[in-house]
Amino acid sequence: MLLLRCPLPLLLLLLPLHSKPQKLPTRDEELFQMQIRDKAFFHDSSVIPDGAEISSYLFRDTPKRYFFVVEEDNTPLAVTVTPCDAPLEWKLSVQELPEEASGEGSGDPEPLEQQKQQITSEEGTELFSYKGNDVEYFVSSSSPSGLYQLDLLSTEKDTHFKVYATTTPESDQPYPELPYDPRIDVTSLGRTTVTLAWKSSPTASLLRQPIQYCIVINKEHNFKSLCAVEAKLSSDDAFMMAPKPGLDFSPFDFAHFGFPADNNSGKERGFLKSSKFGRQTSPKPRVDLHRVCIGNKNIFTVSDLKPDTQYYFDMFAVNTNTNMSTAYVGTFARTKEEAKQKTVELKDGKVTDMFIKRKGAKFLRFAPVSSHQKVTFSVHSCLDAVQIQVRRDGKLLLSQSVEGVRQFQLRGKAKAKYLIRLKGSKKGASMLKILATTRPNKQSFPSLPEDTRIKAFDKLRTCSSVTVAWLGTQERNKFCIYKREVDDNYNEEQKKREQNQCLGPDTRKKSEKVLCKYFHSQNIQKAVTTETIRGLQPGKSYLLDVYVMGHGGHSVKYQSKLVKTRKFC
């Protein structure tokens, strides 16, 4: 048997030109392997090679025909056609080869044009036909000799396709074999994660051939071939590198399915970036489809998905020697809904304490019972900065980061309802106090200067005292200062852990209190006060805290200051 590797006119020249029957030459394996390595040999050729997959292109409503010759009867034959991005209509037929030249008994050969007409004018016997976008096969353990022709047509659109034909299907086996159960199982389902499992290909487990599995995730539909996936994706895309053993990773870090992408996400995950050299390519629209090859694992967790969203998952076993693939039966799953946030109702003029988990969020609602011209939101962030968003009847009015104490005054509207979203810090849990009011004069939090540091004067330091200063405001407020002796190895990290500004003087020991005093200045430039703290021990370290008390009884702590008395005086 021979699948020819030459254009059709040369194919016809090989037909018998003498009165005696003549067999076509058998395949020169060394030459064939050389030609297979030279991919350009079969480019735009109408002849299908034996044992190699070819890729080609169809224009819509423009048929294409391929040929190959089987020279001996009872020859095994397998033909596989893989549509890529559109359904195909294809038909396989065979017609007999001319065995003897006619020449009216003279023994002279039949003219070449008559042989050509004899072969190509006949339709032949149809063996198989198919219409659709599935990967379809024709397999026969005993095929007749003859000239085989494969006709293909795309009526939907221009499309890519692949064809593979072989006369040794038992020994070639270029496509990975599917297990007896080729389905993908969803073993775990969360709000942002889906865990998939599948049975290994016998090609890997029994035949010990190198197989890797490639997962494709999208939100539109399942794919029936890797060829279809490649047609959907940009030609500049590259397969991602396999993760380190035992570490699943998300293929969505750079394109979060609707979430903003992190600039450094690719670096963190170690993805393979596709390089572009030479020609400049115009930017292509982003495709919500991702693929990742994970080696020979048969369980994988996809993460960073959107809650309450349906995703389609496809698995392809790829023979890394032949680069040919077989599709498992795809599946789909809908991620779980986001846990419904409980909305906290704010009461006019009342302070509400809030705790937010790291990267978490809380929702609050404020619905004034009376008409109002203005509404004031006061926020006291106890630890790290928090993000606040305020919407009135669905319209975004405010989006700010808050550190310390901030006050926002917004224009009111009759019968308006306000939705407040508080988002926590990425560093850790957040604590805060929030107050909403329609009465501008009802402020529970004291006003603060921009700078809430405590300054210590080194030159005024003695063995038993230290002198410090801090800024005030134009409003008359009560300030209380506290001291606490700490170890010499007390450091900034420990001080940072104690920076909860919402903890008031009521949490301190009475023995730690130094004094309280009222202070303000109409001239903001002169709103500075100093205080000398006496009765300290030589060579000891102390942590100083200043609290400013609000009219509603709520206090705010300035930044703590670590000081040390002189050891020798």
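Laid out as a table, the results:
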| quantity | calculated |
| --- | --- |
| In sequence order, calculated HN-Hα J values of the stretch 461-475 (Karplus, 6.51, -1.76, 1.60; Hz; x Gly/Pro) | 6, 10, 6, 10, 8, 9, 10, 10, 9, 8, 8, x, 9, 7, 8 |
| Dipole moment magnitude, nearest 20 debye, the stretch 454-564 about Cα centre, only Lys, Arg, Asp, Glu C-beta charged | 280 |
| Dipole axis of the stretch 454-564 (+1 Lys, Arg; -1 Asp, Glu on Cβ), positive-most option in Gln501, Gln537, Tyr518 | Tyr518 |
| Accessible area of Ser129 in the full protein assembly, 1.4 Å probe (Å², nearest 10) | 60 |
| Rounded accessible area of Cys502 (nearest 10 Å², 1.4 Å probe) | 20 |
| FRET E, pair His520, Asp304, Förster distance 51 Å, beta-carbon r, rounded to 0.05 | 0.50 |
| Accessible area, probe 1.4 Å, largest first, for residues Tyr542, Tyr180 | Tyr180, Tyr542 |
| Amide H contacts of Asp158 (H built 1.01 Å from N, under 5 Å, at least 5 apart or other chain) | Arg60 |
| Label point distance in nm, Arg534-Glu345, each placed 7 Å from Cα along Cα→Cβ | 5.6 |
| Percent accessible area from carbon and sulfur atoms, the stretch 454-564, protein chains only, probe 1.4 Å | 46 |
| Around Asp61: net Lys/Arg minus Asp/Glu count, Cβ-Cβ under 12 Å | 0 |
| Backbone HN-Hα couplings from phi across the stretch 433-439 [Karplus 6.51/-1.76/1.60, Hz, Gly and Pro as x] | 10, 9, 9, 10, 8, 9, 10 |
| Amide H partners (placed H, <5 Å) of Val329, local residues excluded | Arg183, Ile184 |
| Sequence-separation-based contact order of the stretch 129-232, relative, with Cα cut under 8 Å and 6+ spacing, percent | 22 |
| Solvent exposure ordering (accessible area, 1.4 Å, most first) of His372, His551, His520 | His551, His520, His372 |
| Net charge of Cβ neighbours under 13 Å - reference Ile211; Lys, Arg +1; Asp, Glu -1 | +2 |
| Relative contact order computed over the stretch 344-437 (Cα-Cα under 8 Å; 6+ residues apart), in percent | 47 |
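The values are calculated or read from the model by the stated rules, or taken from the named source; none is laboratory data. Being a predicted model, the structure only gives us computed values, none of them experimental. Glycine also receives a Cβ, built like all others from the backbone with ideal geometry; neighbour counts cover every protein chain displayed. Just the protein is used for accessible areas: all its heavy atoms, side chains included, with ligands, DNA and RNA removed. Shrake-Rupley method; radii C 1.70, N 1.55, O 1.52, S 1.80 Å.
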